[in-house]
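Everything on this sheet refers to the single structure shown next.
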Amino acid sequence: MTDAAHDWCAGLRVTRSRLLTVAEFRRIQLGRRVNLVKASAWLLAALVILVACAAVLGISPEPREPMVANAVLILVILGIFLGVPLCIVMSNDYFKLAALLKRQYRDSEVLVCEGAVADLVAEPPELEHLRRESGESSEVVLEVLKQSRLVWSVNGHPQESWVVVQRGRTAGAPDQARLAAQYVKPVETEDGTFRLHQRPLSEGECSELRAYLPRVKLAGFVIVLVMNVVAVAHLIAHLRKPQGLPLMGIVMVTVAGWCDVNLVFAMRARRKMLQDLRGRYVVIYQPDPAPNASQESVVEYLPNAGTEWTTGGRAAAWRRLHGPTG
């Protein structure tokens, strides 16, 4: 028998859900309008900068002093290549947030997640924000909008700044996992004695593991191939006719090398996970040598990938963060 699947938000277990009130739904609508206005304002700022730069370049007054002319040119360059991109990036962020809030119109469900602050799992900026908002309390309760994945409140305090967190669903461990963890045996290795055991993965766990397989699409292979061909062509051309420092060739070789490394790592990770799928088992490791050691210290890991599968009977942090969305 296998435990039911577990839903997670920001690494915390989803314990229940509730519906948005009318006032809360209106707050979402207002938030979307405000973000659309901010996005439009940043786009308008970009347009103003471009018009101002064009006006400065178009005006041909009396000849300026070299220092003044250089200062004007520097300001125009900064406006075009720094100010305009910055405005576009800010506008894009607000448009994305408005789109997320619009998605929430489809569903009024709010997920309630509870757990320890130490169990929070998120990207570094979001994690720091959530820990700061939780204060000095060791426990935290998050409310997360189901459709948009935006944090609605932290410990009952509504959030003024929107933070997006990951949602996921992981398969529960079978009942025999608890039993198998009680029968770890000393195993002698070159690195010392370890208390180990193993158990088979359930069908649900195998399905979940299959969802984590790195997938490299045909387009990815084509891009890597093209980058390597271009890099080799630049290299051969420079060897045949060396002329100065081949900046473009160096860039292309660097980009091709980066693509190759990422492809190799992805294929290697896929191969190891496929081996674990064929083996269909995890290794149980008990680091505490005491006879009455707590089950909270038990770690299960995939033998080929070498990745933690569960810690203390719960899904490992990376599974809670990247688990298939439920």
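The values are calculated or read from the model by the stated rules, or taken from the named source; none is laboratory data. Since the model is a prediction, treat every value here as computed from it, not as a measurement. Don't worry about glycine lacking a Cβ; one is built from the backbone with ideal geometry, like all the others, and counts go over all protein chains shown.
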Handout entry: Cβ-Cβ under 7 Å pairs, at least 6 apart or on other chains, the range 157-170 side surrounded by 21 or more Cβ atoms within 10 Å (Cβ to Cβ), far side among the acidic types (Asp, Glu)
Key = Val163/Glu126; Val165/Glu126; Thr170/Glu208
Problem - Search result, residues across the range 168-208 that are over 27 Å from Val121 (Cβ atoms) and charged (D, E, K, R) - result: Lys185, Glu188, Glu190, Asp191, Arg195
Handout entry: Test for Gly135: is it among the small types (Gly, Ala, Ser), closer than 18 Å to Arg18 by Cβ and in the same structural domain as Ala10 (by TED's automatic domain parsing)
Key = no
Exercise for the section: Using the structure shown, decide if Gly204 is surrounded by fewer than 14 Cβ atoms within 10 Å (Cβ to Cβ), of a type outside the set (Lys, Arg) and at pLDDT 90 or above. Expected result: no
Exercise for the section: Enumerate the strands (runs of 3 or more DSSP E) found wholly within the range 229-326, keeping only those where 2 or more residues are under 30 Å from Gln198 (Cα atoms) and in contact (Cβ under 8 Å) with a residue 24 or more places away in the chain. Expected result: 281-286, 308-311
Problem - Positions within the range 86-108 being farther than 16 Å from Arg27 by Cβ and either part of a strand (DSSP E or B) or among the acidic types (Asp, Glu) (or both), in sequence order - result: Asp93
Handout entry: Looking only at the range 284-308, and only at residues there that are exposed (fewer than 15 other Cβ atoms within 10 Å of the Cβ) and among the hydroxyl-bearing types (Ser, Thr, Tyr), the one that is modelled with the lowest pLDDT
Key = Ser294
Practice task
Test Leu101 against the stated conditions and say whether it is touching a Leu at 6+ places or on another chain (Cβ under 8 Å) and assigned by TED's automatic domain parsing to the domain that holds Arg16.
Solution key: no
